[in-house]
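For reference, the structure discussed in these notes is given below.
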Amino acid sequence: MTTSATARAHANIALVKYWGKRDAARNLPAAGSLSLTLDALTTITTVSFDAWLDADAMTLDGRDATAAELARTSTWLDLVRARAGIATRAKIETVNHFPTASGLASSASGFAALALAASTAAGLALPARELSILARIGSGSAARSIYGGLVRMRAGDLSEEAFAEPLDDPEGLTPRLRMIVAIVGGGAPKLHGSRDAMEHSAATSPYHAAWVAQVPRDLAAAEAAIAAADLGALGAIVEGNALAMHAAAIASRPPVLYWQPATLAALSTVQSLRDAGAVAWATMDAGPHVKVLTTATDADTVAAAMRATPGVTDVLVSASGPGAELLP
Ligand code: PMV
């Protein structure tokens with residue numbers, strides 16, 4: 001017997017970053033985080049539990065998963081099996097619909113789509129909060145991709161308290177927001193994966209504790225700025241928070257340095273855009289790319305300036321996207 005389900009989830013970009021765990025085994029974050037789900041970057045995943053299979057099997061964008069990718073997913077799938085009371089192995093087919101060869105992280109949309117598809121195929125009808133916890137165990141940032149729009153991740157004290165939830169947006173800021181993604185370095189694979197890099201940073205950076213202490217302050221200020229629809233205040237926190245995360249990472253020994261010359265050029269373009277009166281605030285994740293928070297009104301101006309920046313190889317524009325959903 002086969003039972004299968006297909007789900008789609010969207011990537012998200014953190015406005016206040018998650019960087020560091022307080023418990024690596026259960027993937028518990030050291031602090032909360034806040035993100036915007038993006039409509040332009042999606043993952044579609046089909047999970048089929050099949051009684052004839054001897055082992056789990058997985059394809060990613062049409063190629064067979066590596067042994068390491070399969071092992072990580074299989075271990076995670078055991079959680080779903082335990083919960084559903086089944087031992088059946090599964091076939092997983094996952095496809096990323098990212099409009100450029102971007103090297104952008106797909107773990108957030110990937111584990112969010114997987115959590116919904118696998119739990120549904122296993123016969124579970126989990127509420128969104130449970131899906132968020134399940135996705136978090138796969139990848140911390142994936143907990144946020146269960147929801148659309150602006151999303152807050154709670155650090156919680158216990159595993160069942162570390163989940164994401166939609167953030168109130170009383171002034172209706174979300175539909176006005178745009179994220180411009182400037183790809184640097186042609187989307188080459190990243191040097192240090194976020195999982196290992198954040199552990200190394202926590203273990204060796206003299207600034208890690210200061211970073212973790214700063215996050216709750218940035219979260220409170222970002223939420224207040226969103227409640228007041230104050231984009232200037234929000235943007236200043238977004239940029240400062242990302243640079244603080246990178247400062248802590250760069251101070252690791254040996255350093256975790258994601259920046260390339262074009263990264264600095266892109267950051268300088270963002271400053272010039274702001275000087276010229278545009279809404280433009282930079283953020284960066286575990287890679288050299290620069291993402292710019294802006295508005296629907298300024299999106300074309302910002303995208304054109306990023307495209308014209310030497311070393312930027314591709315630019316994509318995204319509005320806010322929806323949460324994870326099942327496909328027929
Ligand atoms: O969940 P991971 O392992 O993909 O880590 C995400 C880390 C950052 O992208 C750098 C920050 C974030 O909050 O998304």
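Taken together, the values in this text are just the output of simple stated rules run on the coordinates, not laboratory data. All values reported here derive from a predicted model rather than from experimental measurement. Here Cβ is always computed from backbone atoms with ideal geometry, including for glycine, and neighbour counts include all displayed protein chains.
Worth a mention:
- In a simple Cβ point-charge model (Lys, Arg +1; Asp, Glu -1; nothing else charged), segment 254-328 has a dipole of about 160 debye relative to its Cα centre.
- Taken about its Cα centre, the chain carries a charge dipole of about 420 debye when Lys and Arg each add +1 at the Cβ and Asp and Glu each add -1 at the Cβ.
- When the square roots of the Cα gyration tensor eigenvalues are ordered a ≥ b ≥ c, the ratio a/c for segment 178-227 is 1.5 or more and a/b does not exceed b/c, which makes its shape oblate.
- Three-way shape label, segment 159-295, alpha-carbon gyration tensor, a/c 1.5: oblate
- Couplings for segment 261-277, taken from phi via the Karplus curve 6.51 cos²θ - 1.76 cosθ + 1.60 with θ = phi - 60°, read x, 5, 5, 5, 4, 5, 5, 5, 4, 4, 4, 5, 4, 5, 4, 8, x Hz in order; Gly and Pro are left as x.
- Distance from the C-alpha centroid of segment 43-65 to that of segment 1-31: 19 Å, rounded to the whole angstrom.
- Segment 164-217 and segment 86-156 have Cα centres separated by 18 Å.
- Backbone phi angles across segment 213-223, fed through the Karplus curve with coefficients 6.51, -1.76 and 1.60 (θ = phi - 60°), yield HN-Hα couplings of 5, 6, 4, x, 5, 5, 5, 4, 5, 5, 5 Hz in residue order; Gly and Pro are listed as x.
- Mean separation of Cα contacts under 8 Å, 6 or more apart, over the residue count of segment 125-207: relative contact order %: 19
- Residue-wise HN-Hα couplings along segment 303-320, as the Karplus relation 6.51 cos²θ - 1.76 cosθ + 1.60 with θ = phi - 60° gives them from phi, are 4, 5, 5, 5, 4, 7, 7, x, x, 7, 9, 6, 9, 10, 10, 9, 9, 5 Hz; Gly and Pro carry x.
- Nearest-20 debye value, segment 110-225 charge dipole, Cβ charges on Lys, Arg, Asp, Glu: 380
- DSSP-defined beta bridges in the chain - what % are antiparallel, rounded to 5: 95
- Global form of segment 74-228, assessed from the alpha-carbon gyration tensor, a/c cut-off 1.5: rounded
- Potential extension, LEU191-LEU326 segment - 0.36 nm per residue separation minus Cα distance: 45.2 nm
- Each 5 Å bin from 0 upward holds the following percent of the Cα-Cα pairs of segment 233-328: 2, 12, 22, 22, 18, 11, 7, 4, 2, 0.
- The relative contact order of segment 167-242 comes to 40 percent, based on Cα pairs under 8 Å that sit 6 or more residues apart.
- GLU165 sits among other residues whose Cβ lies under 14 Å from its own Cβ, and their net charge, with Lys and Arg +1 and Asp and Glu -1, is -1.
- Taking the alpha carbon gyration tensor of the chain, multiplying each eigenvalue by 5 and rooting it gives semi-axes of 32, 20, 20 Å, largest first.
- Under the criterion of Cα pairs below 8 Å and six or more residues apart, the relative contact order for the chain equals 24 percent.
- Between the alpha-carbon centres of segment 300-325 and segment 258-282 there is a gap of 13 Å.
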